[in-house]
Every structure is written in structure tokens, then in C-alpha cells.
Amino acid sequence: MSFDFLKAAGIAAILAFAGPAHADTDWTPPGPIDLLIPFGAGGSSDSMARFLASGLNEEFGWEVRPQNLPGQSGGLMASKLTDMPSDGTAIALAPLGPLIYKELVTQNPGYAVADMTMVTTLAGTQMGLVARADRGWNDLGDVIAAARAGEELSVAVPTQKLGDAVYLISREHDIDLTVVMTQGGQAAMGAVIADDTDMAWLGGHQGANVLNGQLVNLVSGELEPLEVSPDAPLLSAFGIPYFFGTDFVIIAPAGVPDDARAALAEAIASIVNDEEGNLHKLLVKSFAGARVISGDELDARRARAIENDTRLLADVDE
């Protein structure tokens, strides 16, 4: 399947932020729902899952049981989910992009994202390459010029995939950028704010610092402009035809019945979109806000992400 076809098929999904249509189903869980979390306890992503669970329990009277299962960049969680019941009683929170990337770089990872049931998104990133505003750079072009002039520049990255982005920029423009791996996005932001690195790839929590003038988004790692920095150019303007953002999704094992999938998506959307709820407030504060996409649009979004990362890795390996 060509990338152009996927882009055309999924164009509505790229920009869709509305919730799913009403599910015409009377489905209810046949038992407690296990919600797997591929992160350790205490972080914002863990809180996202736990606020969702408590919201579903309070609003619908369900029994949703969060279970932390960190390890292998989400691979441990995904492998377990694959073997769980496909009756709607097993779901997981996952950042879709890293899960796809992990599968593609690992032989026999024990799961296949293409076979999983995509239930709904909760939120998405606003991936940007960020620098301190006092560096005087306006966009990635200024960074490239500085590197060509002999400046030794470093980039904090919280994932291997974002390290690939730095490599491709360096190769495309014949410059040297040093990759500094960090333990998560907060550490990457701390590194650039403290001037320990010259830049950092950040997924959206830089927004407040951009608005107050401390940081600047130099380029968008998404397929579309960044909401807080609409004038920041896309990576494609610099010869990098890939995106590095991701969706936070609720997934389930393959074969979940359509009525269960629709009912789960609708129930989750109601919790996500409740502006007075803890989950919605967290998504606004710590992520790029709520973003609910489900059904065929979400399936197209998954296919687009698989296509993107397949081409990306082939390019990196050339």
C-alpha cells in the first residue's frame, strides 16, 4: 500500500479532533476490565490511565483495574495484551508511535500493532525541536547555518526514534549534531532549559515555556504546524519526509467485537471530553489537550504511522 494512498485515506484523521458518533449498542463489560499501563507509577501517563479508570468506574459503574506493566518500551505490555481475552475486558494505554517503532526494530516482539483493535485516542503530541529563545534562532535553518559555521551543537532526545530524526537532519545537511539520550521528555526539557544541551525534542509540554518567551519551537515534528507555534516550519521543508509525533491510544487484543469497540470508545470519549473531569484537566495541563479519534479514522491513522516508520527505518539503514 503506497504512502500517497494512506495519506489520502487518512487525511481526515490527521485533522479530526471530534469525538466518535453515538454507538448504537447496549454492550456492557462481561466482567472487570483490566487496563494495562506500560509506564511506572506516578508519572503523567500513569495518571492519564488512572483518571480514565476512575472516570469509567464512577460514570458507568464498571470495574476498571489499572495495572502497571513497564518494560521494553511498551513491548512487555503489548505482548501480554495479545494473549488476553478479546471480549472487551482487556485494554491498554499506549503511545502508538513508540509501540510501532519498537515492533519494527525488534525481531519477533510478541505482538503486532496491525492486528490489534484500535479503540480510541485520548490525546496526541505537539512534537517540536526546541531551543532557548536567547540563542537567537528562529527555525531549524538557523541551526543548520550555525553548525556549518563550526558550532558544536547537541540535542536531547528521550527516544531512539527522535535520535533517528537528529541523524537524518545531520545526514541531509552534512552537519554534526550530537545526540544526548534522556530519561523521558521532562529530562529533555530540563536539559535545554539548563543549557546543558543546545536543543531538545519535546512532545508538547514545552507549550507554556514557548508562550512565555523562554523557549522557541524551531521545527514541527508533526505532519501539521504546531498549535502554539504555527509559523514553525515542517521537517519536510528541510528534506525530512517523516513525522515523529504520536497519539496516546486505548488498544485491545485483536478480534474485539464491533459493539464492544464502539461502546468502549464512546464511554472513554465521554470521560476525555468532560471538561470538569480530572482526566480532561490533566490532558490540557500536561499534554497537548484532549484528542478523540476512533473507528475507521483511527485505523487509517494507525496504517499511516506504520507506513511512516517503515520508510523511516529503511532510510536510516541506507
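Find which of Y242, S47, N217 sits farthest along the positive direction of the dipole of the chain, computed with +1 on the beta-carbon of Lys and Arg, -1 on that of Asp and Glu, about the Cα centre.
The Cα lying farthest towards the positive end belongs to S47.
Where the centre of each part is set by its Cα atoms, how far does region 148-200 sit from region 301-318, in angstrom?
21
Which of I175, P109, T82 sits farthest toward the positive end of the charge dipole of region 48-207, with +1 on the Cβ of Lys and Arg and -1 on the Cβ of Asp and Glu?
Of the options given, the answer is T82.
For the chain, give me the percentage of DSSP beta bridges that are antiparallel, rounded to the nearest 5 percent.
If I count the DSSP bridges inside the chain, around 55 percent turn out antiparallel.
Eigenvalues of the Cα gyration tensor times 5, then square-rooted: what semi-axes does that give for the chain, in whole angstrom, largest first? The partial results should precede the final answer.
On the way: eigenvalues 235, 84, 62 Å².
Semi-axes, largest first: 34, 20, 18 Å.
Looking at region 139-238 from every direction and averaging, what is the projected area of its Cα convex hull in nm²?
Numbers: hull surface 23.3 nm².
So the Cα hull casts an average projection of 5.8 nm².
By per-residue mean of other Cβ atoms within 10 Å, what is the highest-first order of 149-158, 127-136, 303-312, 175-184? Could you put the intermediate results ahead of the total?
Details: 149-158: 17.3, 127-136: 20.8, 303-312: 19.2, 175-184: 15.3.
Highest mean packing first, the order is 127-136, 303-312, 149-158, 175-184.
For region 247-318, rounded, prolate or oblate, judged on the Cα gyration tensor with a ≥ b ≥ c (square roots of eigenvalues), a/c < 1.5 rounded, else prolate if a/b > b/c?
Because a/c hits 1.5 or more and a/b fails to exceed b/c, region 247-318 counts as oblate.
With unit charges on the beta carbon (Lys/Arg positive, Asp/Glu negative), name the residue among A263, S286, N273 whose Cα is farthest towards the positive pole of the charge dipole of region 249-288.
Toward the positive end, the furthest listed residue is S286.
Using unit Cβ charges (K, R positive; D, E negative) and no other charged atoms, how large, in debye to the nearest 20, is the dipole of the chain about its Cα centre?
Numbers: 18 positive and 43 negative charges, 84 e Å.
Using only the charged Cβ atoms, the result is roughly 400 debye.
Let me know the Rg and Dmax you get for region 32-181 when you use only its Cα atoms, in Å.
Just the Cα atoms of region 32-181 yield Rg and Dmax of 19.7, 63 Å.
Can you bin region 204-288 into rounded, prolate or oblate? Criterion: square roots of the alpha carbon gyration tensor eigenvalues sorted a ≥ b ≥ c, rounded for a/c under 1.5, prolate for a/b above b/c, oblate for the rest.
oblate
Quick one: grab the alpha carbon gyration tensor of region 278-318, order the square roots of its eigenvalues as a ≥ b ≥ c, and give me rounded if a/c is under 1.5, else prolate or oblate depending on whether a/b is larger than b/c. Don't skip to the answer; put the middle values down first.
Details: a/c = 6.39, a/b = 1.88, b/c = 3.40.
Judged from the Cα gyration tensor, region 278-318 comes out oblate (a/c at least 1.5, b/c at or above a/b).
Provide, as a two-decimal number, the C-alpha radius of gyration of region 139-180 over 2.2 N^0.38 Å, N being how many residues it has. List each step's numbers first, then the result.
Numbers: Rg = 9.8 Å, N = 42, 2.2 N^0.38 = 9.1 Å.
The value comes to 1.07.
If contacts are Cα pairs under 8 angstrom and at least 6 residues apart, what is the relative contact order of region 139-238 in percent? Each step should come with its number before you reach the end.
On the way: 131 pairs, mean separation 25.9, N = 100.
Relative contact order here is 26 percent.
Under a point spin-label approximation (7 Å from Cα along Cα-to-Cβ), what is the Y167-V284 distance to one decimal in nm?
4.1
Taking R0 as 45 Å, what FRET efficiency do you get between A237 and N108 from their Cβ-Cβ distance, rounded to the nearest 0.05?
In this case the efficiency is close to 0.75.
Any idea what the relative contact order of the chain is, in percent, if you count C-alpha pairs under 8 Å spaced at least 6 apart? Intermediate results must be reported in sequence, preceding the final value.
Numbers: 625 pairs, mean separation 94.6, N = 318.
This gives 30 percent for the chain.
Pull out the extension gain between A145 and R65, defined as 0.36 nm times the separation in residues minus the alpha carbon to alpha carbon distance; nm, one decimal.
23.6 nm
Could you identify which residue out of V113, V64, V284 has the top mean-square fluctuation in a GNM of the chain using Cα springs shorter than 10 Å?
V284
Just so you know, all these numbers are worked out from the coordinates, no wet-lab data involved. None of the values given here were measured: they were computed from a predicted structure. Positions of Cβ are generated from backbone atoms using ideal geometry, with glycine treated the same way; all protein chains shown enter the neighbour counts.
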